[in-house]
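Reviewing the structure listed below.
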Amino acid sequence: MLSIEVSDLKKHYGNLKAVDGISFTVKSGEVFGLLGPNGAGKTTTIEIMEGLRERDGGDVKVLGLNPWKKGYELHKKIGVIPQEFTFFEKTTPREAIVYYADLFNVKVNPDEILKEVLLEESAKVNFDSLSGGQKQKTGLALSLVNSPELLFLDEPTTGLDPNARRAIWEVIRGLKAKGKTIILTTHYLDEAQQLCDRVAIMDHGHIVAMGTTEEIIEQHGSGERLEIHGEEKLADYIKSNTDLQVEYNKAKREILITLRKKIDALAALAAAEQSGMEWGQIQTRQDSLDDVFVKLVSEPATEQGEMASQETDAKNSKKRRR
Amino acid sequence: MVSGKRIFSDFKVFSRGYLRNKFGLFFGLVFPVILILIFGAIFAGGSTGKVNVYAQNLDTGPFPNGQNISAAFLDQLNASSTITVITVNPSENFSKYLADHSASDGIVIPANFTVNYITGHQLNLTVYGNPTSSTSGIVSGTVGGYANYFNLNYFQTKYNDTTPAIIDITPANVNTQQTKYIDFLIPGLIGFSILTSPMFSLVNISSEYKKSKLFKQLSLTPLTKMEWLASKMIWYIVLTIAGFLLMVGVGIFAFGAHVAITPWLIPFLILGPMLFAALGMLVGTVTKNPETAGVIGNIVTFPMMFLAGTFFPISSMPQYLQTFAHVLPLFYVTEGLNNAMVYGNISGTIIDIAVLGIITLVIFVLAVKLFKWRED
């Protein structure tokens, strides 16, 4: 069953095409990651799906509903943590949960939710005294109050220290285990690899790659290669004695052999042994998602898309192009 | 559609947060009381204060049968409720003396006062005054009054007339009570706090929540913007009533104020906070960021703080400012409170309530219409 269907979605702010004709679907129970540099259009996309922004073109169905038209209905079924989650300063996480439960008219056990997001110890601390990680956990807790089947987490770990990030991951894994569908935006690739079943990499309003992280690496990465530490003569020797594709990195004194099949490694090593020359460390390597990401995402991140999505931000709105 | 339960839960969270924030509590409740104490102390008995008048008596007599009419005239003036006479040595240069004492009000009694009075010859009092000062009117009025009284006495004596004065005046105050400045100050300062507390708070909240995307977040819950605003209004009504009781209490117990507590005040204590909460939200909504919102908020608030009859009665202002005051929504709050608490003018109060109700409705509808949970 599909939780989300997006086809040819478009959104522009003035001349800036924040989202320029993207399509994807998300299955129920899936953790789907939207990756991309700042300004790629992730937040705009996610806010359109949440019904917080109106689209300019294309079709969006979230849990079978048009999010902009049926926002009120949809919001009862989804949970959301917006980017940089904030809440009333002098309200504790526990009170916040009770508040949300009242608003949604549901009965919840606040302690259970606090436990689920690992926030029991700070249950009675005012929001403005919480750490960044605890604030995000409060956001997670609130997004769970209405027991949503679908969760939108917009950069849930941005700005957090490594321990806090791991704690959030743990919570997200727990939610996934309970069968929730989760849409996650992040610009941390390790986060996507750790948590997501499938990812879409966005850049300048387009999806430039989509699939499982392995699929993306396979499609867009350079493939597996064998690296042998040694002299250039050895590289030449292997090249002339096998039909392998061999390159040499002088700076690192590394011989790079592309492996079309795993067995190619054996041939390369046999040739090296045969040469009688000395060689050092060997390892096989594959492009990481990082490598692929850098390749796919054309330019260093610009902030335009981000800005346009934050119309109220004074600093940004000055720089925004119209 | 509108749910009381949601309003109540939002109210709970908001009021708790408010009470935990000492700053807000200070401005909501403590500050108005401090204002009452300060202004009450400054003007305590202010309206019963007498005007100091310098008097130079050049009357040299003779005084037949020991009758010193000029001294009697000054004694009468000094015994009046409006003037305190300070005698100046006849050898002084009077106008220089006034200037040296930074004073503008003075009387000079001519040398032939007693003689001329007794013999029925015209005599001339010189009254000094600064036409721009409100005290000069009091002085010339009082001196003129006593001059007439002495004139009348002269003729009664001359013609052996025993008829009492045709027109006599019984002194009385408005509302048959002793009205003091504090009595006018209390409604004014209640109006002041009805304006400032919800206004500043809502300007701030609505622009900050927009910036921090808290509104977006709330839009993802079943809470509606109308419910959100309603809960803020209810809180400021509660706060206003608490502030009202405190201020009236301090006014009565610390300064012996005489103000009427009537059910006619209730509409102002409800409509007032509603109006300014909505107006604050409107300002926060139509402005781009908290900084602009603050500036616009001040531009809207400050004229009302001083020109809508809070600290000074409107009637003491020039005509064009009085006209301007009528476009300030707070004017109808302070005027209404004064009508109800001080003058007991109920028909005036009802008009003020009606005008206030209409303004509140318009601002409320505008605020809710223009206010956006989410963007497009």
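The numbers here are math on the coordinates, done by the rules we state, and not lab data. Nothing here was measured: the structure is a model prediction, and the numbers come from that model. All Cβ positions, even for glycine, are placed from backbone atoms using ideal geometry, and neighbour counts span all protein chains on display.
Worth a mention:
- Pairs of Lys residues in region A:61-102 are counted when their Cα atoms are under 27 angstrom apart and they lie 8 or more places apart or on different chains; the count is 6.
- Three-way shape label, chain A, alpha-carbon gyration tensor, a/c 1.5: prolate
- FRET efficiency for the B:T132 to B:I34 pair, using the beta carbon distance and R₀ = 30 Å, is estimated at 0.40.
- Per the Debye calculation on the protein assembly as shown with a single equal scatterer at every Cα and no solvent contribution, log₁₀ I(q)/I(0) for q = 0.08 Å⁻¹ amounts to -0.79.
- If you run the Gaussian network model on chain A, springs between alpha carbon atoms under 10 Å, then out of A:T44, A:T86, A:T157 the most flexible one is A:T86.
- Inter-site label distance for B:H101 and A:S28 at 7 Å from Cα along Cβ, in nm: 9.7
- Cα-based reach from A:K250 at 19 Å (exclusive), listing lysines while leaving out same-chain residues under 8 positions away: A:K233, A:K239
- In terms of other Cβ atoms within 10 Å, B:F23, B:F324 run from fewest to most in the order B:F23, B:F324.
- Length-normalised contact order of chain B in % [C-alpha pairs under 8 Å, at least 6 apart]: 20
- Taking every alpha-carbon pair under 8 Å whose residues sit at least 6 apart, region A:224-285 reaches a relative contact order of 48 percent.
- For chain A, adding -39500 (n - 2.57) for each run of n ≥ 4 DSSP H residues and dividing by the number of residues yields -10500 deg cm²/dmol at 222 nm.
- Most positive-pole-ward Cα, A:G179, A:L114, A:V60, against dipole of chain A from beta carbon charges: A:V60
- Taking the Cα centre of the protein assembly as shown as reference, the dipole from Cβ charges on Lys and Arg (+1) and Asp and Glu (-1) amounts to some 1060 debye.
- Across chain A, C-alpha contacts under 8 Å between residues 6 or more apart give a mean separation that, scaled by the residue count, equals a relative contact order of 22 percent.
- Cα-Cα P(r), region B:16-163, percent of pairs per 10 Å interval: 10, 29, 25, 13, 8, 7, 5, 2, 0
- Over chain B, DSSP H runs of length four or greater, each weighted -39,500 (n - 2.57), average out per residue to a 222 nm ellipticity of -20500 deg cm²/dmol.
- Shown is the FRET efficiency for A:K70 and A:D290, computed with R0 = 30 Å from the Cβ-Cβ distance and rounded to the nearest 0.05: 0.15.
- Cβ-placed point charges (K, R +1; D, E -1), dipole of region B:2-109 about Cα centre in debye, nearest 20: 1420
- Gyration tensor verdict on region A:79-124 (Cα atoms; rounded if a/c is under 1.5, prolate if a/b is larger than b/c, oblate otherwise): rounded
- Partners for B:K50 among lysines (Cα-Cα distance below 27 Å; same-chain residues under 8 apart left out): B:K96, B:K180
- Cα extents of chain B along the three principal axes, largest first (Å): 97, 43, 35
- Between the amide H of A:H206 and those of A:D20, distances stay under 5 Å, these residues lying 5 or more places away or on another chain, with hydrogens modeled in the peptide plane.
- Separation of the B:V295 and B:A72 label points, Cα + 7 Å toward Cβ, nm: 7.1
- Residue with peak Gaussian network fluctuation, chain B [Cα springs, cutoff 10 Å], from B:N345, B:N116, B:N65: B:N65
- Amide H contacts under 5 Å for A:S3: A:V26, A:K27, A:S28, restricted to partners 5 or more places along the chain or on a different chain, H placed in the peptide plane at 1.01 Å from N.
- Qualifying aspartates and glutamates (Cα of each under 16 Å from Cα of A:K262; at least 8 residues distant if same chain): A:E218, A:E224, A:E227, A:D243, A:D287
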